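This report refers to the structure that appears directly beneath it.
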Amino acid sequence: MKCPGQDTQYWQPGAIFDVDCPKCGKQVEFFKDDTSRKCGNCGHRFVNPNMDFGCAAYCQFAEQCIGNLPPELLAQKDDLLKDRVAIEMKRYFKNDFRRIGHAIRVARYAERIGKSEKGNLAVILSAAYLRDIGVLEAEIKYGSTDAAYRAKEGPEIATSILNKLNAKQELIAEVCDIIAHDHQPGSDESLNFKIVYDSDLLENLDEKNKENPMDRSQLEALIDESFLTAGGRETAREILLS
C-alpha cells in the first residue's frame, strides 16, 4: 500500500509549486513529496521548504518511502523522539498519575536547562522521561523503590522502549548509562548527565519546599552546593526563590 500522502491521486491544488533558490533567486519547481531539488540555474541543491516531514520524522520506513533524508529531517527525527518516549512512559505507568506527573515535570526542567546549557535534548529528555522507569520492577522484585533498585532495573526497560522506537544505539547507551547511576553522580560526568540530575533535583526540591517551606538562606545554600550546572542553578533560583 502506498502512503496516501505521497500518492498523487490524493493531491490537492498547490501540490506542485515554485520556490526561489536561496543561492541565485531563480525559481525551482517542486512536487510536494520532493525532499530536495537542484536549481537548474546555479546547481545548488536545497531542501523542500514546504514538505510536511511529520510522519517521516518517526516512521521506520521513511528512508524507503521518500528517499535519503536530508540533515534537517534527521535532526527533526531526534527532536521528535522525545514525544514518543513520553507516550511510551505514560503507557508503561498506566494510571500511576503521580509518577507520570513527576516524569513530565522533570522533563520540563530538563528541556529548559538543556537548552540553556546546549546539551543533546534527544538524550536528555529520553533520560528524563525514563529515569525512574525501573520503579515498578523494583517494587515487584525487591519490595522497595530504593534508588539503587530503580537504577538496576531501569536500563533494561528503557532499552526495550527505545529499541521499539528505533532510537540510535549510541543514544540508547547514553540514556541507559544516565539511568543506571543518576542518583550517584561521579566527579567526571557528561553534560547530559548533569542536566538530567539537576532537573530531578529541582523537581524534588520544589515538591519538598511546597510541603514544608524552607527559609531563603537554606534554599540558596542548597542551590549553590548541590546543582551541577550553571543552567540548573539559574533555573532553581527562578523556581524556588521567586
Revision key, fill the gap. Checking rank on 155-165, 205-215, 175-185, with mean other Cβ inside 10 Å and highest first, the result is 175-185, 155-165, 205-215
Study note, to complete from the structure: Per the charge dipole of the stretch 160-213 (beta-carbon charges, Lys/Arg positive, Asp/Glu negative, Cα centre), the residue among A180, S199, L165 reaching farthest to the positive end is L165
Review point. All other residues with a Cβ under 12 Å from the Cβ of L191 taken together, and with Lys, Arg as +1 and Asp, Glu as -1, what is their net charge?
Key: -3
Point to revise | All aspartates and glutamates inside 18 Å of K141 as judged from Cα atoms, apart from same-chain residues fewer than 8 positions distant | key: D132, E153, E156
Exercise for review: Lys and Arg at +1, Asp and Glu at -1: add these up for the other residues within a Cβ distance under 13 Å of S144 and post the number.
Suggested key: -1
Point to revise | Over 18 Å (Cα to Cα) - which of K82/K152; K90/K164; K115/K210 fall in this group | key: K82/K152; K115/K210
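Rule-based calculations on the coordinates, nothing more; no lab input. Just so it is clear, the structure is predicted and the values come from calculations on it, not from any experiment. All Cβ positions, even for glycine, are placed from backbone atoms using ideal geometry, and neighbour counts span all protein chains on display.
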